[in-house]
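Read through the structure below, which is laid out as structure tokens, and then see the notes.
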Amino acid sequence: MSSPSDFHTQRAARLARLRLALQDFEEKFARSSGPGGQHVNKVSTSVTLKHVPTGVAVTVQDSRSQSLNRQLAWTRLLDAIEKARRDERAARRAEIEKKRRQNSKRPRGVKERILETKRRRASVKKLRAKDW
């Protein structure tokens, strides 16, 4: 992202694609820790971004720049929301597929193999009973 306006347009496009409202997000700024010297001690460069409806939150303090941390926070949070939605869709699809497999009848060959195995096992047990 080369300029702040690019960031804002990309963020708006992603929010629209995900059908999210800007009002659903909460931004907080705090003092960072770690390297950066006096700058991080005096300026609130750490950014915590939270999507209130889902409760997903990220905190970024990678850079000395608040604006860069803010961009990173938005990117990471939107990535996390997208991943959560993808995982949810995949889980739903897997559940439907599992139900389909459970409800389908066994192929005739499989059923015959199972019955043959049962017959073999039964004959082994019958022989064992006669030994006593």
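Considering only Ile114, Thr75, Ser46, and ranking their Cα positions along the charge dipole of the chain that arises from unit charges at the beta-carbon of Lys, Arg, Asp and Glu, the one farthest toward the positive end is Ile114.
Taking only DSSP H segments of four or more residues, each worth -39500 (n - 2.57), what value at 222 nm results for the chain once the sum is divided by all its residues, to the nearest 500 deg cm²/dmol?
About -21500 deg cm²/dmol.
Per-residue Karplus couplings for region 62-71, computed as 6.51 cos²θ - 1.76 cosθ + 1.60 with θ equal to phi - 60°, are listed in order as 6, 10, 7, 9, 5, 5, 5, 4, 5, 4 Hz, Gly and Pro entered as x.
First compute the accessible area of the chain with a 1.4 Å probe, then give the percent of it belonging to carbon and sulfur atoms. Numbers along the way, then the final one.
Working: 5360 of 10240 Å².
With neighbouring chains kept in place, the figure for the chain is 52 percent.
Nearest 10 degrees, 0 to 90: what angle lies between the long axis of helix 4-18 and the longest principal axis of the chain (Cα atoms)? Value to nearest ten degrees: 30. Here the scattering of region 57-132 is modelled by Debye summation over its C-alpha atoms, one equal scatterer each and no solvent; at q = 0.25 Å⁻¹ the log10 of I(q)/I(0) is -1.05. Look at [x] 9.8; [y] 9.3; [z] 17.2: the one that is mean projected area of the Cα convex hull in nm² derived from this structure is [z]. Relative contact order for the chain: 14 percent, from Cα pairs under 8 Å spaced at least 6 residues apart, divided by residue count.
The distance between label points at Ser65 and Asp79 comes to 1.8 nm (points 7 Å beyond Cα on the Cα→Cβ vector).
The values are calculated or read from the model by the stated rules, or taken from the named source; none is laboratory data. All figures in this text were calculated on a predicted structure; none of them were measured in a lab. Positions of Cβ are generated from backbone atoms using ideal geometry, with glycine treated the same way; all protein chains shown enter the neighbour counts. The protein model used for the area step is the full one, side chains on, heavy atoms only, and it has no ligands, DNA or RNA in it. Shrake-Rupley method; radii C 1.70, N 1.55, O 1.52, S 1.80 Å.
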